[in-house]
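Read-outs: derived from the displayed coordinates by stated rules, not from any lab. Nothing here was measured: the structure is a model prediction, and the numbers come from that model. Cβ coordinates were reconstructed from backbone atoms using ideal geometry, including for glycine residues, and neighbour counts include every protein chain displayed.
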Amino acid sequence: MMENINIREAEQSDNEALARLIRDIFVEYDAPREGTVYSDPTTSDLYELFKTEGSVLWIAEIEGNIAGCCGIYPTQGLPEGCAELVKFYLMPTARGKNLGQALFNQSINSAREMGYSKLYLESLPEFSRAVSMYKKMGFKSLNEPLGNSGHSSCNIWMLRDL
């Protein structure tokens, strides 16, 4: 396990670093830019987005530097009691160190505390390692999207009971 890890809620001063982290991962995996979080205008102001009631964005820091994020968001059009697991990204140097698991667990606990009974997520084939991890964490594949994320390029949809 790594030293000096901190998991905290997002702050306004995190916006630029978070947008860069997310977009850099899309470049790293050569994932589609259009119809994804990459081109979503809210990616540049996640602090404001996560002021929405029923949402939270957790930030993982190593030695005071942002190393990853993961959150819960009440995406429009999702079934009653369902939220979306969103913005789950880790810097390459933070992968394989249980940091993702810690962020995931924090987000799951938050979703339960907020009264959600199901979690939905969307992903892309380019993120196959993450999709494998989601399956291990209890997510089941769906044949079609739920809700209105606006991320039309995402073609992997998953759901998990809490």
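Descriptive notes on the structure:
- Computed over neighbours whose Cβ is under 13 Å from that of Ser39, the net charge equals 0, Lys and Arg +1, Asp and Glu -1.
- Residues whose amide H comes within less than 5 Å of that of Ala67, counting only those at least five positions distant or on another chain, are Ala60, Glu61, Ile62 (H built at 1.01 Å from N in the peptide plane).
- Listed by chain and number, the lysines placed with their C-alpha closer than 18 angstrom to that of Lys140 are Lys118; residues fewer than eight positions away on the same chain are left out.
- Take the chain and mark each of the GluC sites (Glu not before Pro) that is in a DSSP loop with at most 12 other Cβ atoms within 10 Å; the longest unmarked stretch, sites excluded, is 81-162.
- Stokes-Einstein diffusion for the range 93-162 at 20 °C, viscosity 1.002 mPa s, with a Kirkwood radius from C-alpha pairs, works out to 164 µm²/s.
- When all alpha carbon pairs of the range 1-76 are counted in 10 Å bins from zero, the resulting P(r) reads 18, 48, 30, 4 %.
- Per-residue HN-Hα couplings for the range 80-94 [Karplus 6.51, -1.76, 1.60; θ = phi - 60°; Hz; x = Gly/Pro]: 3, x, 10, 10, 9, 7, 10, 6, 8, 9, 10, 4, x, 6, 9
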